[in-house]
Amino acid sequence: GHYGLGPFAVQLGLAAIRQIDVVALAAETLTRLRDETDCAVYLSLWGDRGPCIVARAEGTLQGAFAVRLGYVLPLTSTATGLVFMAWLAETETDEALKMQAAYDAARKAGPGLTKREIAEAVARVRQRSFASTSGRLHRNFAGLSAPIFDYGHRLAAALTLLGPTDFMTEARQEEFATRLLEASQGL
């Protein structure tokens, strides 16, 4: 009787419950989108280092390429990362951006996007309600990602399609973006 949960413990528990709900709710949607598009479908949540893949349905067109569960995605070079950049507060994404820049510098990757380029990309994502990348992280793959909002219109997760760039024609990307937005809004 001498121990009680403080406000941080309650917030942590509520955050865990919200995450479990979205993961459980998304399972059927991941499979359905995979079957409709032949693309790999991923569900990502925000973690302490950035967007982290927590569920997936492997596509028939991905070949040997697969992104593992637990993988933390870069913010500026993936559709998933851009969704989180667009709908999370900068205070939440700043630390992940710093870690990404340090990682890129350590592996001598080329210069990342400038602040202006990031702001333009984020504005484009917000305008379209989804993000798309083609060949940015892995040159042979294109990604489409849409936000999943909770009951308070806060970003809860991102739903992402990943397919080969030669398969993801402009017409297919438009069709798949419509399906993806319908699915994310349904969740």
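For the ranges 94-100, 143-149, 128-134, what's the packing order if you count other beta-carbon atoms within 10 Å of each residue, average per peptide, and put the highest first?
Ranking the peptides 94-100, 143-149, 128-134 by packing returns 143-149, 128-134, 94-100.
If the convex hull of the alpha-carbon atoms of the range 33-99 is projected onto planes in all directions, what is the mean projected area in square nanometres?
4.7 nm²
Sort 74-80, 168-174 by packing, meaning the average of other beta carbons within 10 Å per residue, with the highest value first.
74-80, 168-174
Bear in mind that the values in this text are calculations on the coordinates, not laboratory data. Worth saying up front: this structure is predicted, and the values here are computed from it rather than measured. No Cβ is skipped: glycine too gets one built from the backbone with ideal geometry, and neighbour counts run over all protein chains shown.
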